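Worksheet: the structure to be examined is printed underneath.
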Amino acid sequence: MSSSQEPSQVFEENHFEFGEGLVARKFRLTNGLKIIVLEDHSSPLFAYQTWYGVGSRNEREGITGIAHLFEHLMFKETRTRKEGDFDRMMEEQGGEINAATFVDWTFYRETLPSAAFSMVPPLEADRMQNVVLSDEQVSSEREVVANERRFRVENSPDGTMQESLYSTAFRQHPYRWPVIGWMKDIQAMSREDCLKFYQTYYAPNNATIVLVGDVETSKVLREINEAYGAIPSSEIPSEEIPVEPEQEAERRVFLELSIPSEKLLMGYRSIGATHPHLFALEVANTVLTGGRSSRLYRKLISDGQICSDLAGYSYPTKDPGLQIFEATMRAGEKATKAEEIIAEELKRIGEELVGEEELAKAKNQIEMKFWENFSTVDEKAEALGYHEVTIGDYRRVFTDMEKLRGVTAADVQNTVKQYCTPKNRTVVTARPQKEESK
Amino acid sequence: MKFVNWEQMGDVSAILVEKHDRPLIFFSLAFPVGAYADPSGKEGLTHFLATLCLRGTRSHSRSTIEEKLDHLGARLVVETGFHSTIVKGQVLARNFDEVLNLTTEILTEPALTDEEFDKLRKEENAYFHLTLERDMELARTRYYKYIYGNHPYHFDPRGTPESLARITRDDLLEHFRLHFHRKDLVFGASGGIHTDRFHGAVSEMAARFPVGTRKQITDPLNLSIQGREVILIDKPDRTQVQFYIGQPGVSALSDETFPLEIFGTAFAGKMFQAKYMQEIRVKRGWAYGAYGQLDARRDGGSFYLFTFPKVDDAIPAIQLSLELLKKAPTEEGIADSELDFAKNYLVRSFPFQVQVPEAMLSEKIYHRLIGHPDNYLETYRDRLSSVSPADARSVFQRNFGAENVRIIMLCSAKDFEKDIGEALGASSVKVVPHDQF
């Protein structure tokens, strides 16, 4: 724990050079606050993101969704600012503000014209330590979140299926409950629950600020140090997260939903964001579902004509997550057909090496998508923040591309053989509700 | 922020937004013809044709084209509006020439085979089917369908299953001959491409298109709404209602868009401070979001409010929305200070719209195609700044109110059809199935 009497200092930890004159640098304050700065003067804007190392993984049964509810409450009131001040001050400068919560992190973002920088560190430092809550505010925001849940889950077949997938694929790990929380938990959350959560996890040594855009490094560091330097670090409880045991057999769920045709969602238990097989898995995904010439797109959509929609992805998380395939069937087609074809293709990759042309094709697509999504100051900040908080190193944003380029056909084969096996999967099938049960 | 200018290169209007920070090039090839040119009963023809072009040429099959594009780290998509059809591409910079060459071939020598025609029609039908399960998208398309009456704007540029079923190969060939030529073609690129390379590419590309003539089609929108007309889009088991309250608006070419944009932003725009967001979400927690927008199109448009409360809160939310609409033009509804705030917000947030080269390119092309002056973006902030609160208020009051509106609700009709007419003072209540396109 740092003493608030010693002057706070800024230490440079490392930097990374990429592109023409672009350098990302990482710093740390005495109290443990991390700061990553990427100067980019091509537009008169900057993105300021604050990433906290807390997400739904840090919840427990009974208060699922609290990380996300609290994210909403961070925009309310502090000891020095009344409700609405934060948004108003940002929007007065033409700023865009938002936040997001996921399983492993919560981040708050604002994007503003560069002239407005000095306003931001004091405001963010203020809400890192000074949030106050009333029962009325908590109650009102609970209802907003309940409506968000209705929107994202109850009235969304995809949302309902995703929730079912994770709650079946995971039995011990917190990834089993939805980030938004179960409705009964949302509606029962109290002001005291929220304050306790805040006081436990919102501290400088559990935060990383990511700054990208038209800023000057020494100036912004000085202002951040002034704003946050005196905030004491806190003892963040060590995570006692149960390890999800290996899956012994395939799991299945059948749902009846208000949908016009069958849908399929499959999740294979896979790996975490720091696992070396991650790159091979990404290449495998692209071979299977990336682009219109990909294997499954051809077999299910353009040539096979049995699906109207298809996706394959794995969103890397701190702990082992899921490799997902999802498909929506055309009218009259059975989800089992898509399931068989996907399983066949996975088996085929496990038995026959992907050709060099196909491998090169997948890598070019991955490269194109990377640059497509590394564009605005916000996107750049988000990539850096995600890598720092989930993977532990922001530099991986730039170095991972080389690792991807180095993936071999044998790597792809071995990864698919290891993880995409029948016993390792959970299958959620949704069918249209029968007329009489509507 | 650096703005760029159009160049006329023969029949082609060209624009380049050059920036070498990423090894990626975005490009757009736009024909100034869109769904407006679809014959009655065959809506979706233009979009269908443009999409089918990507499915094979005289020299390359669909699968070869797809293979090539993926291998080159490229993507091509078709965006069809009412007044334009744009083929948008992105590609790793090192492969730009090859991809542009292929795109030109696609749009000048398409095969339009019966096999791909049939497959594409089935794919489009599958897409329509898919939209039925996506409430937000469904509510939005039904809003456009029911707000724009019998005007072409009420159709989805992709058509409907019925209209696509009427399209023949001869229709496609004739449509291609009439519209896919180089007269008034618009071409733009952004990213890691130098000027010389760009000019060379445009000249070579344009020379391959045939010459042609164009006739602009206009069809001014004249909507008439009597009283509060309610349309319930019936979908089972909804625990949440998506509703739109819409009324006739103004053309995108009207100078009134500037005061209306300011008023609309203060009232229900994308700011968290907007009145509608504050009243619906912040004060009452009735919905995750509450928005409003001027949907200004070339020949007219609409203004709408949109939100999505749970079933029990839907009628009170609509009643409140109508009350807010009624009060909006008064100082008590939206104060001068709020209008100034909104104006300031729009001016200061403008750089976000053109932050990256592909965004600048998109904006430039949009404004060119819709008929705005070429310096629209350059003068946007000044034009907004010159609007006074009184101007904004009087223009809103002249155009909008709370009495002659169409209320479109995606909901389970059984929850509302009995009571909603009386609750809203509706002049009519109609129930339509959600799967009626």
Filter region B:73-90 for residues that are free of Cβ contacts under 8 Å to residues at least 24 places away in the same chain and within 11 Å of chain A (Cβ to nearest Cβ); the one that is farthest from the chain's Cα centre (by Cα) is B:73
Turns out the strands (runs of 3 or more DSSP E) fully within region A:178-279 with at least 3 residues that are closer than 30 Å to residue A:331 by Cβ are A:251-257, A:263-269
Those residues of region A:326-374 which are within 14 Å of chain B (Cβ to nearest Cβ), surrounded by fewer than 19 Cβ atoms within 10 Å (Cβ to Cβ) and outside any helix (DSSP H, G or I) amount to A:331, A:332, A:355, A:373, A:374
Within region B:152-173, the count of residues that are surrounded by fewer than 20 Cβ atoms within 10 Å (Cβ to Cβ), touching an Asp or Glu at 6+ places or on another chain (Cβ under 7 Å) and either in a loop (DSSP other than H, G, I, E, B) or of a type in the set (Val, Ile, Thr) (or both) comes to 1
Residue A:260 fails exactly one of (1) touching a Pro at 6+ places or on another chain (Cβ under 8 Å); (2) over 16 Å from residue A:429 (Cα atoms), namely (2)
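Residues checked against (1) part of a helix (DSSP H, G or I); (2) crowded, with 22+ Cβ neighbours inside 10 Å; (3) modelled with pLDDT under 95:
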residue: B:14; (1), (2), (3): no, no, no
residue: B:29; (1), (2), (3): no, yes, no
residue: B:42; (1), (2), (3): no, no, no
residue: B:64; (1), (2), (3): yes, no, no
residue: B:67; (1), (2), (3): yes, no, no
residue: B:89; (1), (2), (3): no, no, no
When (1) buried (at least 21 other Cβ atoms within 10 Å of the Cβ); (2) touching a strand residue (DSSP E or B) at 6+ places or on another chain (Cβ under 6 Å); (3) not hydroxyl-bearing (Ser, Thr, Tyr) are applied to residue B:396, the one that fails is (2)
Taking region B:118-144 and keeping only residues that are more than 10 Å from chain A (Cβ to nearest Cβ), among the charged types (D, E, K, R) and closer than 20 Å to residue A:159 by Cβ, one is left with B:137, B:140
The helices (runs of 4 or more DSSP H) lying entirely within region A:377-438 that contain at least 2 residues which are away from chain B (no Cβ under 14 Å), surrounded by fewer than 22 Cβ atoms within 10 Å (Cβ to Cβ) and among the small types (Gly, Ala, Ser) are A:409-419
ask   = Any residue at all in region B:288-306 that is among the hydrophobic types (A, V, I, L, M, F, W, C), part of a helix (DSSP H, G or I) and in contact (Cβ under 8 Å) with a residue 40 or more places away in the chain?
value = no
_Considering only region B:277-291, I want to know if a residue exists there that is away from chain A (no Cβ under 14 Å) and either crowded, with 24+ Cβ neighbours inside 10 Å or at positive phi (or both)._
no
Those residues of region B:27-72 which are farther than 30 Å from residue B:148 by Cα, within 14 Å of chain A (Cβ to nearest Cβ) and polar (S, T, N, Q) amount to B:61, B:63, B:64
Open item on the list: Take the conditions away from every other protein chain (no Cβ under 14 Å) and surrounded by 24 or more Cβ atoms within 10 Å (Cβ to Cβ) and apply them to residue B:302. Does it pass?
Closed with: yes
Among the residues that make up region A:241-250, is at least one of them of a type in the set (Val, Ile, Thr), surrounded by 14 or more Cβ atoms within 10 Å (Cβ to Cβ) and modelled with pLDDT under 95?
yes
Selection from region A:280-309 of residues without any contact (Cβ under 8 Å) to a residue 24 or more places away in the chain, of a type outside the set (Phe, Trp, Tyr) and not in a loop (DSSP other than H, G, I, E, B) yields A:298, A:301, A:302, A:309
For residue A:152, the lone unmet condition from (1) crowded, with 20+ Cβ neighbours inside 10 Å; (2) within 14 Å of chain B (Cβ to nearest Cβ); (3) touching a Phe, Trp or Tyr at 6+ places or on another chain (Cβ under 9 Å) is (1)
Turns out the helices (runs of 4 or more DSSP H) fully within region B:312-393 with at least 2 residues that are among the charged types (D, E, K, R) and within 11 Å of chain A (Cβ to nearest Cβ) are B:336-353
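The values are calculated or read from the model by the stated rules, or taken from the named source; none is laboratory data. Because the structure is a prediction, the values reported are computed rather than measured. Glycine also receives a Cβ, built like all others from the backbone with ideal geometry; neighbour counts cover every protein chain displayed.
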